[in-house]
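S.K.: The structure is given below, and queries will be raised subsequently.
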Amino acid sequence: MNRILSQDEIDALLSSVSKGKSYEAVEREQRKSIAVYDFKHPDRISKEQIRTMRTIHENFARLFATFLSTNLRALVDVNVISIDQVTYSEYTMSLSMPSSLYLLKLPDLEGKAVVEISPQFLLFIVDRLLGGTGETEIEIREITLIEQNIVQRIINNLIGTLNEVWHQIYTLNAQYDSFETDPQFVQIARSSETIAIIFFEIKVRGAVFPMNIGFPYFVLEPILQKLSTQTFFVNVKKVGEDERRLLEDRIESSKIPIQAIFANTTMTVRDFLNLKRGDLVQLEKPLDDEMQVFVGERLKYWAVPGRSGRKSAIKITRQVTFEESLSHEG
């Protein structure tokens, strides 16, 4: 059947004649420029908005890794792997059984987010917080109620850190809602609803544990216009200018205890009760050895004793390394 050519097709045909191209060749070139679009998996969040979300959650990963390293007394590395957009049904089907799912309510956005953490990593946290080495191989199983209570402080910090990094764009005000082990009981969106998933990996002692945070599209939709690179950096600059002087004033006026430990020794209670003026107490370190300096309850510096005029003093020789601080806390 003959068909009527459009004006664009006529123009393309005429230009191809001057270049020696056939109509079929022009039509093939036009087909090549057509992009395939999957209506079942629409990308409802733009690439620029995805980049901004990645920047936000890279800051989250850095802060959360520092908190985990301090509390677990082990070097922990948290990295953002990818950010994907899938339907909610596909997300729930990809979850393992049993899972460790923390639901976060977002009152201002009238919805919920979900955080999925490897059960093995939570059991590793329990082992470390209770004084274990964390080197025992752990089988995947459901987290008990007692274990949930033990790791709750870690989860509270995760939520607080998430709120902190999102504050540059929007006051998320995420709050802990509930805990589930079966994905079938978690219904924060319709099956066909798009959900943005931020995938993380947690590296500790040679092991890698997965973690992800999911935001349904309808939760992010009201703030998508703020997820632009330009808006993100403008907000970061504005916050810094407005709060810098206030933070400096608060820090300068703050008082913290500093304590220098010259040496430690041990003795029996009988010897302690029998001490009198003039007795000598043998120390467990040489006089010229470095002494510990605590800021608050944390070991921060090494120093040597001395005098400044008529007063006793200490001279800071160096700052403690990260490994030394962890070994002292352990």
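The values are calculated or read from the model by the stated rules, or taken from the named source; none is laboratory data. Just so you know, these numbers come straight off a predicted model, no measurement behind them. Positions of Cβ are generated from backbone atoms using ideal geometry, with glycine treated the same way; all protein chains shown enter the neighbour counts.
S.K.: Hey, any hits in region 119-129 for a residue that's without any contact (Cβ under 8 Å) to a residue 12 or more places away in the chain, out of contact with any Pro (no Cβ under 7 Å at 6 or more places or on another chain) and either outside any helix (DSSP H, G or I) or more than 30 Å from S46 (Cα to Cα) (or both)?
M.R.: First, the residues of region 119-129 that are without any contact (Cβ under 8 Å) to a residue 12 or more places away in the chain: 127.
Within this subset, residues satisfying the condition of being out of contact with any Pro (no Cβ under 7 Å at 6 or more places or on another chain) are 127.
So of that shortlist, the ones also either outside any helix (DSSP H, G or I) or more than 30 Å from S46 (Cα to Cα) (or both) come out as 127.
Yes, because at least one residue in region 119-129 is without any contact (Cβ under 8 Å) to a residue 12 or more places away in the chain, out of contact with any Pro (no Cβ under 7 Å at 6 or more places or on another chain) and either outside any helix (DSSP H, G or I) or more than 30 Å from S46 (Cα to Cα) (or both).
S.K.: What's the number of the condition K203 fails, among (1) more than 30 Å from E323 (Cα to Cα); (2) assigned to a strand (DSSP E or B)?
M.R.: Every condition holds for K203 apart from (1).
S.K.: Testing E323 on (1) modelled with pLDDT of 85 or more; (2) part of a helix (DSSP H, G or I); (3) loosely packed, with under 10 Cβ neighbours inside 10 Å, one condition comes back false. Which one is that?
M.R.: (1)
S.K.: Test each condition in (1) surrounded by 10 or more Cβ atoms within 10 Å (Cβ to Cβ); (2) part of a loop (DSSP other than H, G, I, E, B); (3) hydrophobic (A, V, I, L, M, F, W, C) for L280 and report the one that comes out false.
M.R.: Every condition holds for L280 apart from (1).
S.K.: Would a scan of region 64-76 turn up a residue that is over 30 Å from S327 (Cβ atoms), among the hydrophobic types (A, V, I, L, M, F, W, C) and surrounded by fewer than 16 Cβ atoms within 10 Å (Cβ to Cβ)? Spell out how you get there, then give the answer.
M.R.: In the first step, residues of region 64-76 are kept if they are over 30 Å from S327 (Cβ atoms); the result is none.
Within region 64-76, none of the residues are over 30 Å from S327 (Cβ atoms), among the hydrophobic types (A, V, I, L, M, F, W, C) and surrounded by fewer than 16 Cβ atoms within 10 Å (Cβ to Cβ).
S.K.: For R270, which of the numbered conditions (1) surrounded by 10 or more Cβ atoms within 10 Å (Cβ to Cβ); (2) modelled with pLDDT of 85 or more; (3) basic (K, R) fails to hold?
M.R.: Of everything listed in (1) surrounded by 10 or more Cβ atoms within 10 Å (Cβ to Cβ); (2) modelled with pLDDT of 85 or more; (3) basic (K, R), R270 misses just condition (1).
S.K.: Another question, then. Taking the residues in region 163-178 that are surrounded by 15 or more Cβ atoms within 10 Å (Cβ to Cβ) and among the hydroxyl-bearing types (S, T, Y) as candidates, determine which candidate is nearest to S118 (Cα to Cα).
M.R.: Among those that are surrounded by 15 or more Cβ atoms within 10 Å (Cβ to Cβ) and among the hydroxyl-bearing types (S, T, Y), it is Y176.
S.K.: In region 269-299, what residues are acidic (D, E) and touching a Ser or Thr at 6+ places or on another chain (Cβ under 9 Å)? Quick ask: steps written out before the conclusion?
M.R.: Step one: of region 269-299, the residues acidic (D, E) are 271, 279, 284, 288-290, 297.
Within region 269-299, E284, E290 meet the criteria.
S.K.: Here's a follow-up. Could you please let me know if T181 is of a type in the set (S, T, N, Q) and surrounded by fewer than 18 Cβ atoms within 10 Å (Cβ to Cβ)? Steps first, please.
M.R.: Details: of a type in the set (S, T, N, Q): yes; surrounded by fewer than 18 Cβ atoms within 10 Å (Cβ to Cβ): yes.
So T181 passes the test.
S.K.: Among the listed residues V208, V204, V234, V239, identify the single one that is surrounded by fewer than 20 Cβ atoms within 10 Å (Cβ to Cβ), assigned by TED's automatic domain parsing to the domain that holds Y88 and at pLDDT 90 or above. Even if it seems obvious, please write down each step before you answer.
M.R.: Values: V204 fails: surrounded by fewer than 20 Cβ atoms within 10 Å (Cβ to Cβ); V234 fails: at pLDDT 90 or above; V239 fails: at pLDDT 90 or above.
Selected residue: V208, the only one of V208, V204, V234, V239 that is surrounded by fewer than 20 Cβ atoms within 10 Å (Cβ to Cβ), assigned by TED's automatic domain parsing to the domain that holds Y88 and at pLDDT 90 or above.
S.K.: Checking the structure you have, find out if any residue of region 155-162 is without any contact (Cβ under 8 Å) to a residue 24 or more places away in the chain, surrounded by 13 or more Cβ atoms within 10 Å (Cβ to Cβ) and among the small types (G, A, S). Quick ask: steps written out before the conclusion?
M.R.: Taking region 155-162 first, the residues without any contact (Cβ under 8 Å) to a residue 24 or more places away in the chain are 156, 160.
This time we only want the ones that are surrounded by 13 or more Cβ atoms within 10 Å (Cβ to Cβ), so: 160.
From what is left, the residues that are among the small types (G, A, S) are 160.
The answer is yes; a qualifying residue exists.
S.K.: Can you confirm whether region 45-55 contains a residue that is surrounded by 12 or more Cβ atoms within 10 Å (Cβ to Cβ), in the same structural domain as K226 (by TED's automatic domain parsing), at pLDDT 65 or above and under 19 Å from L122 (Cβ atoms)?
M.R.: no
S.K.: I would also like to ask the following. Considering only region 273-305, how many residues are among the small types (G, A, S) and at pLDDT below 85? Break it down stepwise before answering.
M.R.: Initial filter on region 273-305 (among the small types (G, A, S)): 278, 296, 303.
Those left that are additionally at pLDDT below 85: 296.
Residues flagged as among the small types (G, A, S) and at pLDDT below 85 within region 273-305 amount to 1.
S.K.: Looking only at region 75-92, how many residues end up being part of a helix (DSSP H, G or I) and either in contact with a helix residue (DSSP H, G or I) (Cβ under 8 Å, 6 or more places away or on another chain) or outside the structural domain of R205 (by TED's automatic domain parsing) (or both)?
M.R.: So the first thing to find is which residues in region 75-92 are part of a helix (DSSP H, G or I), and the list is 88-92.
Going one step further and asking which of them are either in contact with a helix residue (DSSP H, G or I) (Cβ under 8 Å, 6 or more places away or on another chain) or outside the structural domain of R205 (by TED's automatic domain parsing) (or both), we end up with 92.
Final tally of qualifying residues: 1.
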